[in-house]
Amino acid sequence: MSFAASVLTLYPEMFPGALGLSLAGRALEAGTWSLEVIQIRDFATDRHRTVDDTPAGGGAGMVMRADVLAQAIDHASPPGDPRPRLLMSPRGRPLTQPRVRELAAGPGAVILCGRFEGVDQRLIEARGLEEVSIGDFILSGGEPAALVLLDAVVRLLPGVMGNAVSGEEESFENGLLEHPHYTRPQEFEGRQIPEVLISGNHKKIAEWRRAEAEKLTRERRPDLWAAGHPLAK
Ligand code: SAH
């Protein structure tokens, strides 16, 4: 059972992009996940293949048309398709690691990439789109956001990451930011690797890492710290 992604976009050339390389690229080749890229413009019906129009009520910019998008979505995701339909949107619920894990455990995702000022509200309601944001900033289009979401999901698919343990210890997986990392050389510009890490005492090392992770989380992400985490008990 592989993860099936369908992406609807005005810029199909942006895919697979970075996801054609490295871990995600190998997993794509191996069939661990699949990527269908759909050109929204193919579903326009007029001579000029128009996908957008001026905003009702006036104002700057253009809005993507509900009728054209509905045709594209119904083609990618006919009724009965079990995959969630996502709309990349700065108004959406911010993407988190738990949601990423949920998506990775599911059958795939249909992802609509917005452009211009966004999409007609009636389309969002009529097709039950889940709006997903990748952060409190504005991109010029949903494509980079879709690539970010898929990157986060694909690395969790079975067999994609060589060393599965590193996934479990990562930032956010236990509600903490990750501890600092070091590797050879032992001395770099007068700075040493912390003594405890070369002690060979695995219990001490685990304690040190946990203490560093907690300190970092308290300092940098008081919001995460306040939300509590399993190891804090
Ligand atoms: N006028 C809109 C922004 C449109 S940006 C507003 O103020 O809310 C154009 C498209 O880029 C959006 O439709 C969305 O698909 C994508 N986009 C921009 N910022 C994003 C973000 N932070 N997360 C996810 N998608 C984003």
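The values are calculated or read from the model by the stated rules, or taken from the named source; none is laboratory data. Note that this is a predicted model, so its numbers are computed, not measured. Every residue, glycine among them, receives a Cβ derived from its backbone with ideal geometry; neighbour counts consider all protein chains shown. The protein model used for the area step is the full one, side chains on, heavy atoms only, and it has no ligands, DNA or RNA in it. Shrake-Rupley method; radii C 1.70, N 1.55, O 1.52, S 1.80 Å.
Details
- The orientation-averaged projection of the convex hull spanning the C-alpha atoms of the chain amounts to 17.4 square nanometres.
- Accessible surface of region 3-154 [probe 1.4 Å, protein heavy atoms]: carbon and sulfur percent: 54 percent
- Residue 42 - accessible surface, heavy atoms, 1.4 Å probe, Å² rounded to 10: 90 Å²
- Simple label model, 7 Å out from Cα along Cβ direction - residue 37 to residue 136, nm: 3.3 nm
- Pairs of Cα atoms farther than 25 Å apart, region 68-186, %: 33 percent
- Å² of accessible area per residue within the chain, as computed with a 1.4 Å probe and no ligands counted: 59 Å²
- Stretchable slack from residue 1 to residue 45, in nm (0.36 nm times residue separation minus alpha-carbon distance): 12.3 nm
- Farthest positive-ward along the chain dipole, Cα basis, beta-carbon charges - from 185, 7, 87: 185
- Within region 3-154, antiparallel bridges make up roughly 10 percent of the DSSP beta bridges whose residues both belong there.
- Over the residues of the chain, the helix contribution to mean residue ellipticity at 222 nm works out to -9500 deg cm²/dmol, using -39500 (n - 2.57) for each DSSP H run of at least 4.
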